[in-house]
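**Q** One structure, pasted below without further comment.
A short reminder: the numbers here are calculations on the coordinates, not readings from a lab. These numbers were taken from a predicted model, which means no experiment stands behind them. Because the Cβ atoms are built from the backbone with ideal geometry, glycine has one as well, and the counts that use them run over all protein chains shown.
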Amino acid sequence: MPFALRPPAAVSIGELSRRTGVNIETIRYYERIEMLPAPPRSASGRRVYGLAETRTLGFIRRSRELGFTLDEIRALLALSADNGREACAEARALAAGHLADVRAKIADLRAMEHILADVVRRCDAGEAPGCPLIETLSRYPRQHLQASRISPGRKNRGSRPEEAV
């Protein structure tokens, strides 16, 4: 049988981790929360992964790198199974919502940058008695520093607990 027609060799969780750059514990986490289907096991009970799992895990990793939530990735995975025009429209809508969130975060970061640059400049200039940073932090209400903005119907994208595992 020519090499191109042979089924892909099964790989261990360690090899899957190496190929995808995803931590072994994170792979297990994705299996526990059913983002990645539980793989078949060898006679000795070891997980055995193939091309489908490698592709799915790569998809999840790239999606996480772009900041999609696990729920959004679940939706995208479901849409990828359809792969039709309607699925593309739904995926586009999901991406457009995510893009709006990213742009809002960029605006928030720019506002924070300006405030912090001003504080550092004031510290360097010695303009005020005491500490300009502490004064600024005491003065600015939270709504001026919208770093934790959450769009309606969306979950906070703060920490990623699965990557801490």
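**Q** Which whole-number percentage describes the relative contact order of the range 36-91, with Cα contacts under 8 Å and a sequence gap of 6 or more?
**A** Worked out over the range 36-91, it gives 19 percent.
**Q** Which net charge results for the neighbourhood of P37, defined as the other residues with beta-carbon distances under 9 angstrom from its beta-carbon, given Lys and Arg at +1 and Asp and Glu at -1?
**A** Summing Lys/Arg as +1 and Asp/Glu as -1 gives -3.
**Q** Summing Lys, Arg as +1 and Asp, Glu as -1, what charge do residues with Cβ under 15 Å from the Cβ of N83 carry, N83 excluded?
**A** In short, 0.
**Q** Which peptide among 43-49, 60-66 comes first, and what is the full order, when sorted by highest mean count of other Cβ atoms within 10 Å?
**A** 60-66, 43-49
**Q** Give me the orientation-averaged projected area of the Cα convex hull of the range 1-100, in nm², one decimal.
**A** 8.0
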